[in-house]
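For reference, the structure is listed below as structure tokens.
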Amino acid sequence: MIYSYIKTCFRTLLRHKLFTMINIIGLSVSMAVGLLVIAFVFDLASYDDFHENNGKIYRVISTFQQKGQKPVNYASASLAAGRKIRETVSGIDHVTILRPGFGENILAGEKTVPLNGLFADESFFNIFTFPLLQGDPATALKKPYTLVLTEKTSKKLFGSANALGRSVKVGSDNYVVTGVMKDIPKLSHLRFEALASFASADKSRDPDFLSWKNIYQNYVYISVAEKSDLRTIQASLNGISHAGNLTVDVGQIFLGVQQLKQIVFNSSGISVTNELGPVMNTLAIWVLIGLAVLVILSACFNYTNLSIARSLRRTREVGVRKMSGALTRHVIAQFLVESVIISLLSLTLAFLLFLLLRREFLALDFSIENMVSLKLSPIVSLGFVALGIFVGILAGITPAIFFSRIDLATVLKTSSSLRLFRHINPRKALIVSQYTLSITFIATTIIGYGQYRNFVDFDLGFNTKNKLNIKLQGNNAELLIKELSELPQVSSLSQSMLVMGLGNIYTGQVKHKSSSDSAMVWMNFIDSQYLKMHGHTLLAGEDFTPRSDQAEESEIIVTRQLLPKFGMDEKEPGKALGEVLNIEGKNLAIIGVIEDFHYETVEDQVEPVILRNITRNGGGYLTARIETEDWPQTLDAVENAWQKVDKTHPLEATLYDDQIEKAYSPFSIMIKIIGFLAFLTVCIASLGLFGMVVFTTETRLKEISIRKVLGASESSLILLLSRNFLVMLLLAALIALPATYFFFDKIVLVNFAYRKAVSASELLISLFLVVVLAFAMIGSQTFKTARTNPSKVLKAD
């Protein structure tokens, strides 16, 4: 019987070549998107699978709660919390503490290599499965100034020679190599080139090294014992949090746990910041999956629509089968086998498209290429086949049920009398659905791009034009300033700890006259040239004077918005001059007040900011104002100046405006993806519409010929043939445009502080584009049919 179904299927496909081509193209294009999503999600879901006990590994997270503000979840935790967990919490096999910041350059003999590493304690290899090629994992990170290298880093430093026991210099410290580990798999949220013993970091001079409130610099991981109860562990963490919070006077810190498998592909719904490695926004994943499903549904609508459109011919076939004794389930099976075969044929073409699209998808952004590989594996291949079968069943189930319910009396009726719903012709409903999706996707792309440009071009409250930000990478700022100052294209230079307006943050605890008015405030360190170069507006007071490395810090400049936070009058900023704020234990006097500006990205409200006076060796960034019309030559000159100061690290210099665009790259990526899906959806819908128009004009050819003989004009015939399709487009627009407006205005943009209002033109442009494409599909056939010679048609009939 299956052989009979397959033979009937291929006969039908060959008999209706146009409709077969439309279905296969539509399904293959949509499934190619589905294959991309499957490979992408499988990669994310496979992160950290290589760890032997990944199901028992958890990360300790910290929730910081300030009075009157939303709690913020941090992926990091304090060193004090990590050590307390190790000492007091039962039900845990191992605890390991990591600390980023082990870097600078690593010097082996005459060879210097830039290094990106972590401090890790001796329990690291008890929790994580990173096999050592050389060394003992139990002792490799036990003693101070010991070092474990990845295989790749070892080869950079020592070639094929044995690295074990070799001495290297990192910064001003000498380390001994005690282990060489296999290179880290790509699907690992921990990324490093070397591990230094945490005992080396214990030598830190940071006064807050062991502070309970220092939750930003350390990462704590635990492996839970067999049959341990997480609720009991959480109760112990609550006790540690309560005791620790008694030692701080600003906010409360609460500890929790996050399963290792939820770090990258977070399905818990907990939003976490200060991540140590790559993560993917869960909402973005579900949006991507949802959009792919909609594209696939659009192609399935085509299949359903064209199958039902051919009902007049297929009902006779079904009637004959039923007269021959076929049962309802036999008819359903026949149409499902047919749709699955078409889907699997489409899957072959979809796979070829996937191979082409994969490269383009990875090239969308460096972060995507760095995060996933989209390589094929047995389980991914099975997912591909499962998608093909699922899409076949999804596309074929409605036509199968539709035809199986036809009785013999219905065979003599036309397809227009057949209804899946009581008052709605199913073909029209599906066309309306397709074009509703098409208009929605295009409108979403246009509106999203408008919001993206609004963010990128937004007035941040300071000037970013022609500013080149250069990362110092530990170099002496004085030396680089000297070299850059000699370039005629560089008109001025300034230094800062971080680049503002990109989402990078640094906070500090601030008190005024009592602990009751304490708060955590955004901060940055800048020099005396920074405000002038960036065009900040000084409302009262004066700018910084240059500060030497030996000079004690004593002054700050604040934004207007900070004043009422500590009981000062923002309308008279001059009165705040001389007021003293205690910042991280230092009493600093306000010497200037500037206008508010965007410290973070413009997704969030403007917050109060404190600017502190940086020393020349305070690290961070140099900003150069460039006056040139020949950027390539200027960048070459900057590169040459950099090489005079640092021959080891490559120059990291980016135009400020380019950095701002990169800060909103997640928006840009999502817009590109939605735009691509919008293009596919419109193409699939247009193919379906083209098929429907061809079928309609073919079945009405005799009617059109009679009307022409009776004197109907070509324009009236075109209108007659097009009218129903245009009404369906109008109905789709009436559904899609208000829904899209409501979705953006009331849901998507409601949490954006400086959003751009959705305009009518953005909505109407999407409608115009769809209408033009639809007219092309409709007009190409209706015009041809309207001009057909009626004598030939009627004579042939």
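Derivation of every value follows stated rules applied to the coordinates shown; laboratory data play no part. Quick caveat: nothing in here was measured; it's all calculated off a predicted structure. All Cβ positions, glycine included, derive from the backbone under ideal geometry; neighbour counts span all protein chains shown.
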Exercise for the section: Just subtract the alpha-carbon distance of THR88 and ASN162 from 0.36 nm times their residue separation and send over the number in nm, one decimal. Expected result: 22.6 nm
Handout entry: the chain - mean residue ellipticity at 222 nm from DSSP helices (-39,500 (n - 2.57) per run, n ≥ 4, rounded to 500)
Key = -15500 deg cm²/dmol
Handout entry: About the Cα centre, charge dipole magnitude for the chain (Lys/Arg +1, Asp/Glu -1 at Cβ), debye
Key = 5180
Practice task
Choose one of ILE765, MET21, GLY501: the residue whose Cα lies farthest towards the positive end of the charge dipole of the chain (beta-carbon charges +1 Lys, Arg; -1 Asp, Glu; about the Cα centre).
Solution key: MET21
Exercise for the section: Please give the length that would be gained between LYS169 and ASN126 if that part of the chain were fully extended, namely 0.36 nm times their separation in residues minus their C-alpha to C-alpha distance (nm, one decimal). Expected result: 12.8 nm
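For the chain, return all DSSP H helices satisfying: extent of Cα atoms along own axis at least 30 Å; mean Kyte-Doolittle hydropathy at least -0.5. Walk me through the numbers before you get to the answer.
Values: long enough: 17-45 (40 Å, 1.98); 282-309 (40 Å, 1.90); 328-362 (47 Å, 1.48); 378-404 (37 Å, 2.07); 426-457 (46 Å, 0.32); 665-699 (50 Å, 1.68); 714-743 (42 Å, 1.71); 760-786 (36 Å, 1.59).
Both cut-offs are met by 17-45, 282-309, 328-362, 378-404, 426-457, 665-699, 714-743, 760-786.
Counting DSSP beta bridges with both partners in the chain, what percentage is antiparallel, nearest 5?
In the chain, approximately 75 percent of DSSP beta bridges are antiparallel ones.
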Practice task
Give the shape of the stretch 559-681 as rounded, prolate or oblate, defined through the alpha-carbon gyration tensor: a ≥ b ≥ c are the square roots of its eigenvalues, a/c under 1.5 means rounded, and otherwise the shape is prolate if a/b is larger than b/c and oblate if not.
Solution key: oblate
Completion exercise
If every Lys and Arg gets +1 and every Asp and Glu gets -1 at its Cβ, then about the Cα centre the stretch 104-157 yields a dipole, in debye to the nearest 20, of 160
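May I ask for the net charge around VAL168, where only other residues with Cβ less than 13 Å from the Cβ of VAL168 are counted and Lys, Arg are +1 while Asp, Glu are -1?
On the way: positive: LYS111, LYS156, ARG166, LYS169; negative: GLU104, GLU110, ASP173, GLU193.
After counting each charged neighbour, the total is 0.
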Exercise for the section: Enumerate the residues in the stretch 523-550 having an amide nitrogen under 19 Å from the point lying 7 Å beyond the Cα of ALA589 toward its Cβ. Expected result: 528, 539-548
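Net charge near ALA225: determine it from the other residues with C-beta under 9 Å of the C-beta of ALA225, scoring Lys and Arg +1 and Asp and Glu -1. Present the calculation step by step, with values, prior to reporting the outcome.
Values: positive: LYS56, LYS227; negative: ASP93, GLU226.
Computed value for this residue: 0.
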Exercise for the section: Could you work out how far the C-alpha centroid of the stretch 172-243 sits from that of the stretch 526-560, in angstrom? Expected result: 37
Handout entry: Order of LYS84, LYS465, LYS182 - criterion: other Cβ atoms within 10 Å of each residue's Cβ, fewest first
Key = LYS465, LYS182, LYS84
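Tally Lys/Arg at +1 and Asp/Glu at -1 over every other residue whose Cβ is under 11 Å from the Cβ of GLU122; what's the total?
So the environment of GLU122 carries a net charge of 0.
Got a sec? How would LYS213, LYS532, LYS169 order by Cβ neighbour count within 10 Å, fewest to most?
LYS532, LYS169, LYS213
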Practice task
Place a +1 charge on the Cβ of each Lys and Arg in the stretch 54-262 and a -1 charge on the Cβ of each Asp and Glu, then give the dipole magnitude about the Cα centre in debye, rounded to the nearest 20.
Solution key: 360
Fill in the blank from the handout: Yeah, the stretch 528-592 with a ≥ b ≥ c from its alpha-carbon gyration tensor (a/c under 1.5 is rounded, else prolate when a/b outruns b/c, oblate otherwise) is oblate
Completion exercise
Shape call for the chain, from the Cα gyration tensor axes a ≥ b ≥ c (a/c under 1.5 means rounded, otherwise prolate when a/b beats b/c, else oblate), comes out prolate
Exercise for the section: Counting other beta carbons within 10 Å of each Cβ, put ILE25, ILE671 in order, fewest first. Expected result: ILE25, ILE671
Problem - Dipole of the chain, positive end: most advanced residue of GLN643, PHE209, VAL750 [Cβ charges, Cα centre] - result: VAL750
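In whole percent, what relative contact order does the chain give with Cα contacts below 8 Å and a gap of six or more residues?
Working: 1356 pairs, mean separation 118.9, N = 797.
Relative contact order for the chain comes out at 15 percent.
Averaging sequence separations of C-alpha pairs under 8 Å and six or more residues apart, then dividing by the length of the stretch 54-262, give the relative contact order as a whole percent.
Numbers: 449 pairs, mean separation 75.0, N = 209.
For the stretch 54-262, the relative contact order is 36 percent.
Work out how much length ASN617 to ARG453 would gain on full extension: take 0.36 nm times their residue separation and subtract the Cα-Cα distance, in nm to one decimal. Please list the in-between numbers first.
Values: separation 164, 0.36 × 164 = 59.04 nm, distance 3.66 nm.
Contour length minus the Cα-Cα distance gives 55.4 nm.
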Exercise for the section: Please name which of GLN561, THR545, LEU581 has its Cα lying farthest along the dipole of the stretch 467-663 towards the positive end, using unit charges on Cβ (Lys, Arg +1; Asp, Glu -1) and the Cα centre as origin. Expected result: LEU581
